[in-house]
1. Treat the chain as a sphere of radius equal to its Kirkwood radius over Cα pairs and apply Stokes-Einstein at 25 °C in a medium of 0.890 mPa s; give the translational diffusion coefficient in µm²/s, rounded to a whole number.
2. Order the peptides 39-52, 13-26 from the highest to the lowest mean number of other Cβ atoms within 10 Å of their residues.
3. Report relative contact order for the chain in percent, whole number only (criteria: Cα-Cα under 8 Å, sequence separation at least 6).
4. Using θ = phi - 60° and the Karplus form 6.51 cos²θ - 1.76 cosθ + 1.60, what ³J(HN,Hα) does each residue of the range 29-38 get, whole Hz, x for Gly and Pro?
5. Apply the Karplus parameterisation 6.51 cos²θ - 1.76 cosθ + 1.60, with θ equal to phi minus 60°, to every residue of the range 40-57 and state each ³J(HN,Hα) to the nearest whole Hz, in sequence, with x for glycine and proline.
6. Sequence-distant or interchain residues sharing an amide H contact under 5 Å with V8, placed H: which?
Amino acid sequence: STVLTAHVYKAGAEQSITDAGVCGSLGSVKWYVVGNTTAISTSKTLTVNASDVTNVISYTCQLEG
């Protein structure tokens, strides 16, 4: 398994993100499997296990207000 971690920067300064994915008044961090429009998690980190992957998978995170 591996853990993916989101980082948010504003004006060159890293912003604090809670474990629940909340980044102050900027919004929330949401994780997606590339190609899907439904978030699979709202959090600072995403743990990916081998059982989650068949051949290849890509993830992305977005800060959504």
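Each value in this text was obtained by applying a stated rule to the coordinates, not by laboratory testing. Note that the coordinates shown come from a computational prediction; the quantities given were computed from them, not determined experimentally. Here the Cβ positions follow ideal geometry from the backbone for every residue, glycine too, while neighbour counts run over all protein chains shown.
1. After rounding, the answer is 197 µm²/s.
2. Most protected by this proxy first, the peptides run 39-52, 13-26.
3. The value is 38 percent.
4. 8, 10, 9, 9, 7, 3, x, 10, 9, 9
5. 9, 6, 10, 6, 6, 10, 9, 8, 10, 9, 4, 5, 7, 10, 10, 6, 9, 8
6. Q15
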